[in-house]
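The values are calculated or read from the model by the stated rules, or taken from the named source; none is laboratory data. What you are looking at is a predicted structure, and each value in this text was computed from that prediction instead of being measured. Heads up, the Cβs are rebuilt from the backbone with ideal geometry, glycines too, and the neighbour counts pull from every protein chain shown.
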Amino acid sequence: MNWIENFSKRATRYMSQLEHGRVYPSQSDVDKLKSLRAPLQDEPLNVEEVLEELDVTGSPATVRTTGGRYFGFVIGGSLPAAMSAKLMSAIWDQNAGLSVMSPIASTLEEISSEWLLDLFGLPSNCATGFVTGDTMANFSGLAAARHHLLKLNNWNAEEDGLFGAPEITVITSEEVHVSVLKALNMLGMGRSRIVKVPVDSQGRMIASRVPKIDGPAIICVQAGNVNSGSFDPIGEICERNKSDQTWVHVDGAFGMWAAVSNEKKYLAKGIELADSWATDAHKWLNVPYDCGLVFVKRKESLFNAMSASASYLQEISIREPYQFTPEMSREARGIPVWAALRSLGKKGLNDLIERNCNQAKKIASALEKAGFQILNDVVLNQVMVSFGSPEETNQIMKNIQEEGTCWCGGTVWQGKTAMRISVSSWATTDKDVEKSIAAILKVAKKYQVLST
């Protein structure tokens with residue numbers, strides 16, 4: 001078992017380096033990956049040789065998303081308890097599709113589901129599916145919506161397909177996230193048929209502009225705009241539009257976690273009135289990739305949309321994980337989720353969310369004080385900053401990325417080019433924030449001096 005000790009030493013060394021050095025790999029480290037592009041050899045290699053090659057060549061070329069100064073793409077780090085549980089899960093090598101394949105995986109999914117529904121303030125009888133990420137969570141929730149609405153109109157989508165099926169109107173905001181669009185595409189809904197509702201200056205759907213629809217309809221709302229962090233007025237939209245023929249689905253990839261914060265839960269007001277919800281655990285819960293979550297109020301709708309049967313699949317009366325997700329054979333995602341929740345508790349989770357939100361405000365305040373334009377109301381963990389013209393903003397952002405202290409991505413917000421800063425890691429300390437602010441300002445001011 002020497003390979004375990006070898007792995008442990010390499011993992012320890014990698015983790016100890018996260019606090020120092022670059023967040024994004026240097027070009028020279030990326031270039032060294034070319035050495036891996038060799039023909040597959042004839043003879044086997046022992047595990048130590050394989051691990052050494054992977055570590056020596058691969059580790060320097062990783063993006064340090066597990067550290068405290070990565071602010072791109074709303075990517076969280078990995079909590080120590082969640083990472084350890086994921087490693088233990090890998091050692092166990094559990095297939096979480098059936099409870100008979102892994103009683104521990106099935107049990108921890110059930111426990112985590114109960115905890116999550118309580119934390120989010122959702123009905124306790126909701127069905128929960130543990131999927132790869134927000135795209136598949138949206139897919140699963142919207143598949144349940146499609147099943148339910150077509151069944152109301154005497155159509156069985158799973159048996160009869162969609163040829164000749166009653167039409168379902170799909171309504172989103174103009175700021176709908178691409179993951180929802182991808183899910184709708186896979187479900188055969190079509191992007192060009194979507195009715196898009198205007199938004200305000202913060203990207204929130206204007207509730208009064210949601211059209212009245214006769215017949216079956218799905219309304220997709222957003223809990224946390226990927227750029228501004230703002231929330232659609234979910235409660236108002238539900239109260240205005242809910243009917244037997246209307247299903248409201250919430251895309252809450254990272255924003256749903258505001259519901260667990262004493263300070264931020266007002267943003268999610270009325271979220272419990274919806275019919276299905278999608279979120280990521282690998283974002284703000286800070287579990288390792290990949291892990292998304294779908295919750296559906298009508299359990300039978302998710303079951304009917306996702307379940308399958310075969311002669312070799314034992315029918316057991318208890319909940320079978322594969323009956324609520326697109327995947328059958330899959331990793332045991334409930335194990336790191338359970339570990340993250342167990343390690344944090346309600347107070348720790350509340351503190352994590354609120355600390356990141358306060359850190360985002362601190363960054364925005366420092367950049368604004370330095371004379372740069374903040375483009376959004378910093379209500380959550382998202383900050384958008386403009387350094388001037390699109391060319392100036394893009395060049396300064398590129399220089400910040402190359403400097404290496406922190407990493408932030410770009411976006412275009414309502415016609416304006418911006419650098420987007422997303423604070424969503426448990427590992428981000430106030431020292432990380434101060435160091436990142438100093439680096440951003442130094443790069444931006446140096447550019448301004450050189451360009452004048």
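Residue pairs whose Cβ atoms lie under 7 Å apart, sitting 6 or more positions apart in sequence or on different chains, and linking a residue in region 146-161 that is of a type in the set (S, T, N, Q) to a partner that is buried (at least 20 other Cβ atoms within 10 Å of the Cβ), are 153/216.
Results for (1) of a type in the set (A, V, I, L, M, F, W, C); (2) surrounded by fewer than 16 Cβ atoms within 10 Å (Cβ to Cβ); (3) over 28 Å from residue 381 (Cβ atoms), shown as yes or no for each residue.
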position: 24; (1), (2), (3): no, no, no
position: 34; (1), (2), (3): no, yes, yes
position: 45; (1), (2), (3): yes, yes, yes
position: 56; (1), (2), (3): yes, yes, yes
position: 64; (1), (2), (3): no, no, no
position: 73; (1), (2), (3): yes, yes, no
position: 81; (1), (2), (3): yes, no, no
position: 98; (1), (2), (3): yes, no, yes
position: 109; (1), (2), (3): no, no, no
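Filtered by the rule that a residue be touching a Leu at 6+ places or on another chain (Cβ under 9 Å) and under 18 Å from residue 417 (Cα atoms), region 358-371 gives a lone residue, 367. Taking each residue of region 19-36 that is over 11 Å from residue 67 (Cα atoms) and touching a residue at least 24 places away in the same chain (Cβ under 8 Å) and looking for partners that are among the hydroxyl-bearing types (Ser, Thr, Tyr) and in a helix (DSSP H, G or I) with beta-carbon atoms closer than 7 Å, six or more apart or interchain, yields 32/57; 33/57. For residue 379, indicate whether it is in contact with a helix residue (DSSP H, G or I) (Cβ under 6 Å, 6 or more places away or on another chain) and buried (at least 16 other Cβ atoms within 10 Å of the Cβ). In short, no.
Inspect region 201-224 for any residue being in a helix (DSSP H, G or I) and not hydroxyl-bearing (Ser, Thr, Tyr) and give the result as yes or no.
Yes, region 201-224 contains a residue that is in a helix (DSSP H, G or I) and not hydroxyl-bearing (Ser, Thr, Tyr).
Checking each residue in region 409-451 for being among the aliphatic types (A, V, I, L, M) and surrounded by 16 or more Cβ atoms within 10 Å (Cβ to Cβ) picks out 418, 419, 421, 423, 427, 433, 437, 439, 440, 441, 443, 444. Only a single criterion out of (1) part of a helix (DSSP H, G or I); (2) in contact with a strand residue (DSSP E or B) (Cβ under 8 Å, 6 or more places away or on another chain); (3) buried (at least 17 other Cβ atoms within 10 Å of the Cβ) is not satisfied by residue 357, namely (2). Being out of contact with any Asp or Glu (no Cβ under 9 Å at 6 or more places or on another chain), of a type in the set (Asp, Glu), modelled with pLDDT of 95 or more and farther than 26 Å from residue 76 by Cα holds for only one residue in 114, 158, 110, 174, and it is 174.
Given the criterion assigned to a loop (DSSP other than H, G, I, E, B) and either over 21 Å from the mean Cα position of the chain (by Cα) or at pLDDT 95 or above (or both), identify the matching residue among 282, 249.
Step by step, each of 282, 249 is checked, and only 282 is assigned to a loop (DSSP other than H, G, I, E, B) and either over 21 Å from the mean Cα position of the chain (by Cα) or at pLDDT 95 or above (or both).
Filtered by the rule that a residue be assigned to a helix (DSSP H, G or I), among the polar types (S, T, N, Q) and either farther than 14 Å from residue 84 by Cα or at pLDDT below 95 (or both), region 328-351 gives a lone residue, 350. Which pairs have Cβ atoms under 7 Å, sit 6 or more apart or on different chains, and link a residue in region 351-362 that is touching a residue at least 24 places away in the same chain (Cβ under 8 Å) and on the phi < 0 side of the Ramachandran plot to one that is outside any helix (DSSP H, G or I) and among the small types (Gly, Ala, Ser)? Correct list of pairs: 353/261; 354/261; 356/424.
Suppose the filter is buried (at least 18 other Cβ atoms within 10 Å of the Cβ), touching a helix residue (DSSP H, G or I) at 6+ places or on another chain (Cβ under 6 Å) and aromatic (Phe, Trp, Tyr); does residue 254 pass it? So residue 254 does not fit the description; no.
Of the strands (runs of 3 or more DSSP E) entirely within region 360-449, those holding at least 1 residues that are within 21 Å of the chain's Cα centre (by Cα) and of a type in the set (Ser, Thr, Tyr) occupy 409-413, 416-422. Scan region 252-279 for residues that are assigned to a loop (DSSP other than H, G, I, E, B), over 22 Å from residue 413 (Cβ atoms) and of a type in the set (A, V, I, L, M) and report the count. Number satisfying all stated conditions: 1. Could we say that residue 187 is buried (at least 18 other Cβ atoms within 10 Å of the Cβ) and modelled with pLDDT of 95 or more here? Against the criterion (buried (at least 18 other Cβ atoms within 10 Å of the Cβ) and modelled with pLDDT of 95 or more), residue 187 qualifies. Taking residue 332 as the residue in question, decide whether it is buried (at least 24 other Cβ atoms within 10 Å of the Cβ), of a type in the set (Gly, Ala, Ser) and touching a residue at least 60 places away in the same chain (Cβ under 8 Å). Yes; evaluated as a whole, the condition is true for this residue. Entry remark, region 285-311: residues being in a loop (DSSP other than H, G, I, E, B) and either touching a strand residue (DSSP E or B) at 6+ places or on another chain (Cβ under 6 Å) or acidic (Asp, Glu) (or both) number 1 in total. Scanning region 162-188 for residues that are touching a residue at least 24 places away in the same chain (Cβ under 8 Å) and part of a loop (DSSP other than H, G, I, E, B) yields a count of 10. All conditions but one from (1) among the hydrophobic types (A, V, I, L, M, F, W, C); (2) in contact with a helix residue (DSSP H, G or I) (Cβ under 7 Å, 6 or more places away or on another chain); (3) free of Cβ contacts under 8 Å to residues at least 60 places away in the same chain apply to residue 397; the one that does not is (2). Are any of the residues in region 93-101 of a type in the set (Asp, Glu) and over 30 Å from residue 432 (Cα atoms)? Checking region 93-101: at least one residue is of a type in the set (Asp, Glu) and over 30 Å from residue 432 (Cα atoms).
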